Structure formats: structure tokens, C-alpha cells
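Since the structure comes first, as C-alpha cells, the remarks are kept for the end.
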Amino acid sequence: MKHVLRLGTLTAVGALALTGCGNDGNGNGAESAEGLEICYVAAAESHAYASPANAAFQEAAEEHGVHVTLLSQEFDAQTGTDQLRTCIGRNPDGIVLWPLDPQAYIPGLVEAQDADIPVVLINSPMDEDAEGLYTSFTGPDTYEQGVMAAEVMHEELGGEGQIVIIAGQAGNGTTIGRTDGFNNMLEELGSEIEVLQTVNADFDQQRALELSRDLISRHGDALDGVYANDDTMARGFVDAWTESGRELDDMPAIVGINGQQDAFAGIEEGYYTATIVQSPEEDGRLALETIVSAATGEEVDTRIPIPLTVVTQENVADEEPAF
Amino acid sequence: MTSAATLPPRVTEEKTANKILGWIALPVGILALLVIGSLLSEQFFTTRNLTNVLINMSIVGIIVVGMTFVFIVRGLADLSVPAMVAIGALLTLSLQPSLGSLVGALVGILAASAAGLINGLFIGYFRLNPVITTLATGTIVLGIAQAAVGGVIVYGDDPALQSFLTGRIILGIPTIVLIFLAVAVGGHLLLSQTIFGRWVYAAGSNPDATKASAVPLNFTKAAAFWMTATLSGFSGVLLALTLQTARPGIGTGYEFDAITAVVVGGVSLLGGFGNVPRAIGGLLLVTLLSNIMVLNGIPTASQGLVMGALIAGAVALDVYLRRRGGAA
Amino acid sequence: MTQNADATVLAMKGITKTFPGVKALADVDLEVRTGEVHAIVGENGAGKSTLMKILAGVHPPDEGSVTIEGEQMWFNSPLEARRQGVGMVYQEINLVPDLTVAENISLGQLPSSAGFVNRLELHRTAARVLKELGTRLDPQEMVGRLSVSQQQLVEIAKVYASQPRIVVFDEPTSSLSEHEAKALFRVIERMRSNGIAIIYISHRLREVLDISDRVTVLRDGRIIDCRSTEGLTPPEMIRLMVGRDLDDVFPKRHVAIGNPVLEVAGLTRLGVFEDISLTVRAGEIVGLAGLVGAGRTEVARALFGLDRYDAGTIRLHDSEVRIRSPKTAVRAGIAYIPEDRKRDGVALSLSVKENISLPVLRQVARLGWLQRGAERRMTQQKAEELYVSPPAIDRKVATFSGGNQQKVVLAKWLASEPTVLILDEPTRGVDVGAKADIHTIIGELAASGVAIIMISSELPEILAVSDRVYVLHEGRLTAELDRSAADEESVMSAATGEAVAA
Amino acid sequence: MNTLKRVFESPAVLTLIHYRVVVILIATLFLSVSLVPGLTEFRTLSLSLDRTATLGVVAVGLTVVLLMGKLDLSVGSTLALSGIATIGLQDQLGPFGAAVAGIVVGVLAGVLNGFLVVTLQINSLVATLASMIFLRALCHFLTDSNPISGDDPLFGLTVSRALGGTFSLRTYVFLIAILLLFIWLTYTVAGRRLYAVGSNEHAATASGIRSNRYLFGAFVFSGFTAGAAGVMQSLATNTGSPAFGEATALTAIAAVVIGGTRLEGGRGSALGTLGGVLVLAAITTTLEYESVPTYYQNIVTGSILLLLILLDRIASNSPRSALSLNSLLSFGKRDETPTEKKQEGKVP
């Protein structure tokens, strides 16, 4: 059984160029990159994942001698669409965009194209409509993460059982990607797993804790598995489970995303089934390097994924937590 | 400057029926929810689930106690709650490695408390509009908190304290619920049994008469805001200790949750009326409702349809009764 | 205006109005002619305000008719009354501070075309009105920026702009200085010469004599006399206004008077009152008389620390105290029953108990903790002592009548066991029964050795209750009269500035 | 304390305080221009304005509500809801019909608020909190929490693209809205009456103005502008998202208050709101260009807000308090918190 999926390729972006490791810009981009102006529309500044990704981005930029203007959307796509235009207005050599919505940035991307500014999407994908409007999409794909989570869950439960989904903020791009990917993959696998209920806990541990108490009351021991859009919320469920007087050993299968430290600890102890690691540092660095390549006129692939690793008990000792 | 036309209509008798309605609406609502909940879901009327309701209430409940004082003193509302929760939580965990959990917690509460003094000074003594003042101080305080921790998640490392807080120490009731109940009882006693509590009512009911009665009006108002900030900070500390993680957005929405509870409890935004049990009753009603909706699989994001209608309905009933000279 | 000078503009006939428990007006007739200034005088409670409120459409009369230029009028609202030519200028200013003078003047009917304010017309109207009134206000100025007297002129201009046939001035000068009042008279003169009938209500008799053509005297809701002002003297007018024996209504107890408790010397608040010196002894009731706006309330507020004072000393029991706030006043043993009960007196949404104990919570508390039983006993006792009826201390004050609310205010302050008690209009708006109760209480307090200052606009009340009377006129003491020397005429002449204390 | 008092009573300081909004605006603009190279370039300026256009249009409506001494917290939810209507109804109504429908949704939201505040006499803070929660939930309910998108992503570009090298359409909408608001408030009868009601409802009613209608109208207008902003936002992004506008209400209130509108009603102006929006725009642009983290922006914005309301308070107590209701209320008597005085005139 293949628990470790080194993902370079997968379904949703099949139409695009599928392979490549995206590091080609590293060597020869460095000289001509000196002095480039890059505008980076980040998801947020105060966030467990975004902060280290941003930091890595900035660090890589310094190494290349690239100047970065960082705008933070604070998880508000509405702000982000405006910030994208601001970026275009500054006429930089390249733009890196962290989309929080699959659609909303398209008109901005059109303008960027008109202005001949290369755009690299970091971390989250956009709709098919946006294809051709950006130069490249680097980073993990939230949809892919959902897909991988579904595969792990499917295997862990032997293809049948009852689960709940603890999703992030309703309407948020990451939530949508990770949830849809999961649900669609279950269907594709012909899985008998039944999703009893989906709740939105806004990526908030306390919210997840409160909702999990109610979920445990409602479904209790009928639960075979829990899929949380991130490890923080999965942690909320774990706390609610022990709080209810139940044993860690009886814990339903838990699959989270992000590869947080405490998820790793849980996997080591055996009550946490799996998490999907994506490295924020790698995410940020890769996006910067890709945009540098694109801005210096090199050819870049339209899809440059960063590796996603499913961490289970088998490989937990070999992997590093993302944060 | 008072002229006849601006005076409220003189109320000469209390209508018993309305008065009774005003008092029983909340308990009846809670009772009705208990019945409905039991009918809709088997798991609802279990000790376990009802205990969960209590646990879920606890964190916001501590803030609700403070917000009740703000409402009764006619201070409108405190919108700086999320910021106070955040600094309480962030400081606790970021100081934990160097100073230990308890000292960290103390510093967290003190910091929120200090920020609350600023609220109190501006609103009580300078008489600035509370809504815009707390909006501004909240923005500033949260900004400083974010800048201080560089804007990331802070992890804690004190599972012992965590399990102590969430563990069921006495009669199967978790410590955190006991803490909340202690705060609620303390707040109730402060409001109903002490001189200060009486000042709060008087200041909200008629500030001029209160001032003319040699009551320190400015202090009373300032103290209500200081209390709310301190309790919010305390709530943030508990939140951080039970979750063992904290991030700047940790308190988002708590201000509106607290306002909702207080309003549904029938505490008047116009001041001078209400009490802590009522506000807690409002919180219980809201929490039960949310619990029932989750147990019955109603999508989380759509629950606001019911909540919004509940708030409007509760206040409309309150205003109606008040105009009839009932429960006021 | 086409009427000849003597035409009757307003005729009120057989007006009767009863409020619960009080017959405010009984069969009152009033006739006002074009181009005259018709004064209405009378004591407080004589029925002037009620009569004017009927004219202004605030209250409907029980009986009687109002005709304007021969046309029968039915007013259901102030707005309607104004549309039909009755303009009112009240003592209180009710303007929009954030709009300009011109806008305030035309607020009810802003000149417009297609929804746009016709600014030219707006300013033309304002300029014309202000000019006709002989004032020099800038129409573009924000009203909030004007002084009180200027605002009052705007208020008058606003009334004038609506082209009224009759304008009622209700105590227009009470908050104005002498100089400002003169300006006001010029305005009134202008209005009269433009053919408007003026009704003028004032306590300042000298003013009334100066400005009016005829004067109607009201007493106890009845017309006593209506005569030409010419040849009338203030003493005569005072006799007409008072003229009754009230000793039965206000029985006076005889109490042994002790040592001085409160000695005030040279108390001054700039621009409000000046050089006030008075002494109150234990068991003594001192009346503070004067017209509305003479500074009585202001002196009382300063003594209680609600307003600051700029100069002067206050001695209590032979030691000097500096009163900075109500708190220090209460600590020094001073209590003040405020004039505006609804604003400064009671908290309506709290219970009787909570109101009574408010200033003295420390007495019924231990370490900040209220002793419920003690509080209940104390307030119940006070409520009963003061005949609060019903003595249900848990009921909200809002559910009590005005008289009983006033008793609650009294109880509240007696609870602090003051040595000096200042009562500001303690019986205003109170029915007869409660009034008698309150007087009994005041008497009992004096008997127990409390030094009492009482402010009242009702002369007979002051005279009946007080052992000594100080009279204020425009912020200065004009007389100190012993009980034997004080009668209505002597007090009234001092209060109107007719006589200066010997 | 006395020296402080003397400082605040010196004519120069008083003048500065008096023109505080203008002073702050000039100061921020000056700082922006000196810190950010190329800010004065027309393109930058145009984009900067374009970014604030949506917020600005919302602020236009809020100005009127605040002028009446009320609050409207629901504008963000209204914005999202009308955006969803605009995108979601495009198939049925065509793009223009859908845009109109979006605005109608905004107006209906305003009617809901008017009903709650005027008819049911619920305090505006609580009433609009309720409708904020309700309308937001409605957005999620209608869309199943997924953003919806229109057929033609490029259709909406006209809204945000610079017209003939000048400003974008929505910038023009915002500027025209400010202009219309200015004309409305300053030159029309309705506008003057609006001030009258907001400043002294009693006096206004006594002058024959139907205050409740104006109050109701203010909420409807605020719903209308929030709806219009939602339409523009959704067209510009080709998306109707239930997550749009979450931060809009409080930011817009801050902008309006920075523009000198008093939360207690009666004072405020269209140009002030323009100023407030520009201050926020200048701060955002400057700090973003310098890559200053958002939380520092928050500290700066919050401090300016606090400073302005503090100055407003000082101005109300100073002799030069031309615009202050407070000074009027306190003549001869006590000073009183305006909040206590005015928050809810209706309910005893």
C-alpha cells in the first residue's frame, strides 16, 4: 500500500504542462534578477502558514537582489482584487498573487496581461477561466490536498464508514478547494464512505472545539473518521474527543492538512491518522524563483507544483513538520 | 432645557400581564428550546451534551459578564473585545517559555486591563463615543499585539494546565465551566449586592440624577469598560491555555457574540435595566439554539438566518413591552 | 395688515381646563387687539402657561372657544396653531444648532425650486426678517455658534417669518441680561408696529409696565382684572396678583432657632450671581425668593458643588469648607433637592428603594457590600416617614405620581441626615395633598434642628413656611426680610428690582 | 493641567483643531507624496482612487446614516448580497437587469433596517447587527458558501478599467456620488431637513418635518449605496462571494468619522467623507508601497481615528466650537455626554 505520495502530477490541471521541477531559474536568473521589482499580493501577514511563506519569499528575494513590495489581503479577496490592480499600477517586473477566490482576480489578471506583466500564482489555484492569464502556478494545490486526504481516508477506513468534515471559513478559496477535492475524489474512488455532516469552523481551533463537542454528541461512536481542512481544527476535534471522556485509542481516523507539529506528535502516538505536509518555506521560495525566471524572460512551466507529502505513522520519523 | 414634549410619557401603572411576559419570555424560550431539542435529536437531552453546551458558553460567557455592565451603564457596546482577547492569549503563550504559564497569564490579563484603562479614560472621563473609541483602541491594540509577535501563531507547551482546565474536576463539570460560573456569580454579586453595582444602574438610568447624588459618574462608566477589557483579557488567557495555541485573530467575533447574548437576554442598550443572570440566560438561549442546529445538521454558515431574526425579535419584544410600560 | 388699529385679533372666550385634581382655568376670557402688547401676569400656577398652551394647540380646552379675526379656531397641534397665525416664543430655545440662522428661520418652509433650496430667497427672507426686527445677525452664521440671546432672536425671527397674527412671548427675558432684554424690547416694538398682536408673559413687572399696553391679571385660574397699563404701578399690580390669605394652606410650626449652621459670604460665580451672603441657623427655614432666572437655583447648585464658584467662602458649623463636588457637599452635611426632578432627581427605571439609598449607600453597606436588610429597613422607614404612597419600596419610581416622586427625592436626601437642606421648588407640579405632606415634612425637619434653605416661585408658600426671606434680583441679594417684615408686596418689589434692601 | 488648558485655548491651536480634518488630510497626503516616489503620477493616483471607490460609495451612504445619529453595521453584508444577486441573476435578467436587481437588493436591505430602527424602534446598533448577521447568512445560504461567477469574466472590466486614460468608471461613480451627496446635503430642501433631524430631532419635528421618514430614508439610501458598491465590486471581479465585504462596515465608519462626521448626528459633510476616504487611501497606499505590514497600518489608522475624536471633543468644549451641539447643550448648565443625550431619542 502506497501511503507516501510524492505528487508531481495530478488530475485537475491535466491539460497543462504537467512535469518539471521549476528550479531551472535558480542558476542563471540570479545575475539578471538584480534590481527587479516584484509585487507580491499575499494572503495574510498573521498566519501560521502564510507568515513563514512570506518570510521565505522575502529571504529568497534578498538573495536574488530583488525588491519586493508586499501587500497583505488579510484573507479578504475583495481587498486582494484591488491590491492586484495597485500592483499593476506600479508596473513591476512581475506579480505574485495568492488567490483567495477562484474567480475574482480574473479581470485583474487580464489587465496584467495587457500591461505585459508576468503573474505567478502562489499556493492556491484558480478556475479554468483564468488559464492563460497567468504565467505559472506554483505551490501546492488545495484541491490536490483534498484529493490526497480522500485517498488516505478511503484506505484507512477500507472504503466504507461514516465521517464528518470540519471545513474552514465558508466561501474561502482554500476551504472550497480542500473540501471539493476531498468529496470529488471519494466519488471518483467509488468509496462507500458517507459524509454525515460538514461544519465550518473558520480555521479556528476554538470554533472547531465547540462544534466538535456537538458533533460528538450527535454522532458519537458512530463516527469512523474526521477530515479537517487543517490540523488546527483537527486538533480541536481531538481535544473535544478526550474531553468527552473517550479514549485516544478509540479515536476515529483523523486526517488533517498542513503538517503541524502537534499533528506529527499525534501521528507518532498513533491516534492521528495522517496529515499532508506542505512546506511554507518551499512554497514562498518557489514562487519567488519562478517569478524571477518569468520576469527575466525565461520559459517557465505553467504548473510548477511543490511536493506534497502525506505523513502517516510509517514515514513520520523521516519527515519534518512544516511549522 | 427640558420641556414637556421631550419627556417620556408618564408611566402610572405597570401592566401585570406585560410585566410577567417580560420576565418569563427568556425562561420560556430556553424551556421551549430544551423541548424542541429533545424532540429533534436523541442525543440532545443528555448530561454529556448539556455539559458541552455549558463548556461552549464559558469563554464568551466571561466576556458577556463584562458586556452586561457596559450595557447597563449606558455605554452602548465595547467593540475592542477581540483585541483584548488576543493580547491576553498571545502574551500568555509567548511568555510561557520564559516566565511560566501563570505569570504569563497574569501579564496577559494586566495588559488587557491596562488597555481597558485607556478605554475607560476616554469614554468615562473624556466622554468620547464608546462605539468609535473602542473601535479605534481595538484596532490599535490588536495592531500592537500582532506587531509584537510578528503575526504568527504562538504555541503553548503546558498540557498539564490544559487538561486541568478542560478536565472534569468536580461532579463531572470541567474546570473552565467552574471558572466561568465563578466569574458570573462574582459579576452578579458585584452588580446586585454592592455599592458599585448600584452606581452602575443609577448611571445608566439617569446620569444627571446620579451625578447630583454624589455618585462618581465618570468613574463608574470608566470602570465598566475597564472590567470588560480585563475580563476579555482573562477570557483570552483561558482560551490560549485550553487551546495551547494563539494567533492574533483568536478573538474575532467575540464582541458580536457577547452583544448578541446580552441583547437576547433582554438587557437594555439604553441602560439602567438588566442583570447578569439575564445576560447569561440570553447566552444559554443562543448556545442551545446553535447546539440544536448543529445536532440537526443545519449548515453552520446559514445559522445566522435564525440568529439575526432572534436578535431582532428579542429586542423588538423588549421595546414593545417597554413602551407598554411593562418590564421596564 | 389691513385691520384698523383697534380690531380684536384674538378672542378667547369661556376657556375652562381641568387637569386631574386641579382646575387650571375657569371661564377665562381674553381679548387681544392688533398692534398692542398685551401682558399677562400672575403668580406661578395662576394659569398663564395653561392658557398659552391652549392657544398654542398643545392642550385642547375642555370648554370655550378661540377666534382669530372672527374666525373660529380648532387647534389640534402646535403646527396647526402656527399655520393659523399663532407664533410662540418660549424661554427654552429649540433650534437646530448645525444649521445656519437663515435655514433655521425658514426651516418649516424652506423656499425651493425643484427640491433645491432657493438660497437667494432663503437669505433674502432671512435678511428681510432680521432687518425688520432691527437686528444685526449674520444669516449665514451657524446657530450653534451664537450666544443664548442671539439664539433667542433667531427663535423670534423664525416665528416672525411665518407671518403670524399673534405672537406669544413666554418669559423671554429670564435668561437675558438687562442689555440683551433691551434689544429684545426693540424687536417686540418693531413687531407691534408691523401690526402683530403681542402677548407678553413675564415676572418682571417693571418690564411689563414698560412694554405693554394692557395687562391681564390671572389668579388661581381666573381673570382678576384686565386694564390699561397706563397709570398702573408695580405695587398695585402685585396686590392684584396676590390678594389672598393663605395661612390655612401653609401652616407654620414654631420651632426654637439655634446657632448658625451655614454661613455664606461673598459667594460669586462670574456672570451668574455675585456677592451672595447669607446665614442659616439650626431649625430655621430660610426662603430664597426671586423671579425665575434671578440666580436662586444657581446659588443652590454652587452650594452643593454641582457648579463651581469663583469667589466667596462657605462656613459650616464655624469651620470653612471648600465645596468642590456633590461628594464633598454630602460629606459636609449638605443635601440638595433639585428643581428638575426628572433630570436631576430620580432615576425613573430604578425602584424607590434604590433611589432613596443612592446617596447614602455607604451607610447601608459594609466594605462596599450592600446589607440588604439594613437598606430595606432604612428605605422603608424613610418612605413611610415621608408618606410615600403607596410605600412599596420595590416598585419602580416611574409608576408613582409626581408628588410621590418628589417625596422619594426628599427621602433620598433625608437619608443622608443632612444638617443643611436646600430645597429647590419642592412643590412644583405636585398636587395639593402631596404639597401639604411636603410642608409638614419640612416643618418636622426644621423642628429636628436641620437648617433649611427653600427656593420657591410661589410667594405665598415662601412667606408661610420661612422664618426669614432673602430676595435675589438678577444675581444679587436685594433684600433680607424677617418673617414679620416679609409680605407679598415687600418681597415682590425686591424681586422685581423695585426696592433695594434696607 | 492649566498649561495644557492654555495651549488648547491659544488661537493657533484652536484654529488647527477647528480645521482638523483638513489638517490631517494635508499631513497624510504630504507624507505620502514625500515617502512614495511616483505617487503624484496620474496613473498611481488613478489606481489609488480606484481602490477606494467601493469603500467610498459605501461611505457616502453611511455619511447620511451617521448624520442622523444612527449606525449601520449591515453594509458589508448588503454589499455581498447584492453582488451575489448581480452575478447570480445574469442568466435570467441579462447583465444590466441583474445590476439593477443588485441595487434593488441593496434598497430592500435598507428597507429592512429602516423597518427595524424606525418602525420597531430598535436601537440602530443592535438592529443593524441583527441584519448584518442575517444578510450574511442569507449570502451563504443562497450560494451554499461558494463564490459564484458570471459567464463573461471580461464584462465587468469596464467598471474598473481606466476610461480613456483617466479614472476608472467606479472612481467616477464614487466622485459623482460625493458630488451628488454634496449637492443633496448642501443645496436641497431634503438635505437641509436631514441635518435638522440629525441635529435636533425635536426642533425639526416642531417645524413640521416628518423626522421618521427622513430616518427611514437614510437607511434605505445606505442600503442603496451599499448595493451599488456590491454591484460594482461583483462586476469588477466577475464574482459574487458570500465572503465579500466582511471588513467593509467598520472601515467605512472609520472613514466617515475621520471625515469629521459626528456619530451623534447633525454634523458631517460630503467633502468631509471624501477627505476621510482619501486619508485612508493615502495611508494604505503609502504603507503598502513601503511594504509596511498591515498591523502597523492598523495602528496608524486607529491612532488617527482616536486623535480625531479626541480633538472633536476638545473642539466641542472650546469657545471656537462653531459646529458643536455640545457647546449649545452645555450653556449655563452641565456638560453632558452627547451619546447619553442622543443615542436613542425615541424609546423612553
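Laid out as a table, the results:
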read-out	value
Yes/no for C:V58 being β-branched (V, I, T), surrounded by fewer than 18 Cβ atoms within 10 Å (Cβ to Cβ) and either modelled with pLDDT of 85 or more or part of a loop (DSSP other than H, G, I, E, B) (or both)	yes
Subset of segment D:15-50 [among the hydroxyl-bearing types (S, T, Y), in contact (Cβ under 8 Å) with a residue 60 or more places away in the chain, within 26 Å of D:T166 (Cβ to Cβ) and away from chain A (no Cβ under 14 Å)]	D:T28
Residue that is nearest to the other protein chains (Cβ to nearest Cβ), among those in segment D:184-194 that are aliphatic (A, V, I, L, M) and without any contact (Cβ under 8 Å) to a residue 60 or more places away in the chain	D:V189
Segment D:195-206, subset out of contact with any Phe, Trp or Tyr (no Cβ under 6 Å at 6 or more places or on another chain) and surrounded by 24 or more Cβ atoms within 10 Å (Cβ to Cβ), residue farthest from the other protein chains (Cβ to nearest Cβ)	D:E201
Count of residues meeting criterion [free of Cβ contacts under 8 Å to residues at least 60 places away in the same chain and under 19 Å from the mean Cα position of the chain (by Cα)] in segment A:151-172	2
Test: D:G265 is crowded, with 24+ Cβ neighbours inside 10 Å, facing another protein chain (nearest Cβ under 10 Å), farther than 26 Å from B:V152 by Cβ and in contact (Cβ under 8 Å) with a residue 60 or more places away in the chain	yes
Whichever residue in segment D:159-171 is assigned to a loop (DSSP other than H, G, I, E, B) and within 24 Å of the chain's Cα centre (by Cα) and, among such residues, is surrounded by the fewest Cβ atoms within 10 Å (Cβ to Cβ)	D:R161
Complete set of residues in segment B:65-80 that are within 12 Å of another protein chain (Cβ to nearest Cβ) and aromatic (F, W, Y)	B:F71
Matching residues in segment D:238-256 - criterion: being under 24 Å from D:R161 (Cα atoms), among the hydrophobic types (A, V, I, L, M, F, W, C) and more than 7 Å from every other protein chain (Cβ to nearest Cβ)	D:A252
Residue within segment A:29-40 that is modelled with pLDDT of 90 or more, within 14 Å of chain B (Cβ to nearest Cβ) and touching a strand residue (DSSP E or B) at 6+ places or on another chain (Cβ under 9 Å) present	no
Those residues of segment C:274-283 which are surrounded by fewer than 23 Cβ atoms within 10 Å (Cβ to Cβ) and not basic (K, R), in sequence order	C:E274, C:D275, C:S277, C:L278, C:T279, C:A282, C:G283
Odd one out for D:G156, checked against (1) surrounded by 20 or more Cβ atoms within 10 Å (Cβ to Cβ); (2) touching a residue at least 40 places away in the same chain (Cβ under 8 Å); (3) within 14 Å of chain B (Cβ to nearest Cβ)	(3)
Matching option when the condition is part of a helix (DSSP H, G or I), surrounded by 24 or more Cβ atoms within 10 Å (Cβ to Cβ) and touching a helix residue (DSSP H, G or I) at 6+ places or on another chain (Cβ under 6 Å), among B:G143, B:G138	B:G138
Candidates D:L135, D:L142, filtered to the one that is closer than 30 Å to A:D180 by Cα, surrounded by 20 or more Cβ atoms within 10 Å (Cβ to Cβ) and within 14 Å of chain B (Cβ to nearest Cβ)	D:L135
Matching helices (runs of 4 or more DSSP H) fully within segment C:91-184 where at least 3 residues are within 30 Å of the chain's Cα centre (by Cα) and either farther than 29 Å from C:H38 by Cβ or in the same structural domain as C:E80 (by TED's automatic domain parsing) (or both)	C:101-105, C:148-161
In segment B:52-64, the residues that are more than 21 Å from B:T230 (Cα to Cα) and within 9 Å of chain A (Cβ to nearest Cβ)	B:N52, B:V53
2 or more residues touching an Asp or Glu at 6+ places or on another chain (Cβ under 7 Å): qualifying strands (runs of 3 or more DSSP E) within segment A:206-323	A:253-258, A:274-277, A:309-311
Qualifying strands (runs of 3 or more DSSP E) (wholly inside segment C:286-374; at least 1 residues being facing chain B (nearest Cβ under 8 Å) and touching a residue at least 12 places away in the same chain (Cβ under 8 Å))	C:334-337
Condition check for B:T46: within 14 Å of chain A (Cβ to nearest Cβ), surrounded by fewer than 24 Cβ atoms within 10 Å (Cβ to Cβ), under 20 Å from the mean Cα position of the chain (by Cα) and among the polar types (S, T, N, Q)	no
The listed residue being of a type outside the set (A, V, I, L, M) and within 18 Å of the chain's Cα centre (by Cα), out of C:E489, C:E417, C:E461, C:E444	C:E461
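So that you can scan it fast, the table gives a plain yes or no per residue for (1) surrounded by fewer than 20 Cβ atoms within 10 Å (Cβ to Cβ); (2) basic (K, R); (3) in a helix (DSSP H, G or I); (4) touching a helix residue (DSSP H, G or I) at 6+ places or on another chain (Cβ under 9 Å):
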position: C:K407; (1), (2), (3), (4): no, yes, yes, yes
position: C:L410; (1), (2), (3), (4): no, no, yes, yes
position: C:P418; (1), (2), (3), (4): no, no, no, yes
position: C:I422; (1), (2), (3), (4): no, no, no, yes
position: C:V430; (1), (2), (3), (4): no, no, no, yes
position: C:H439; (1), (2), (3), (4): no, no, yes, yes
position: C:G443; (1), (2), (3), (4): yes, no, yes, yes
position: C:V469; (1), (2), (3), (4): no, no, no, yes
position: C:T478; (1), (2), (3), (4): no, no, no, yes
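The values are calculated or read from the model by the stated rules, or taken from the named source; none is laboratory data. None of these values were measured; they are calculated from a predicted model. In this analysis, Cβ positions are derived from the backbone assuming ideal geometry, glycine residues included, and neighbour counts consider all displayed protein chains.
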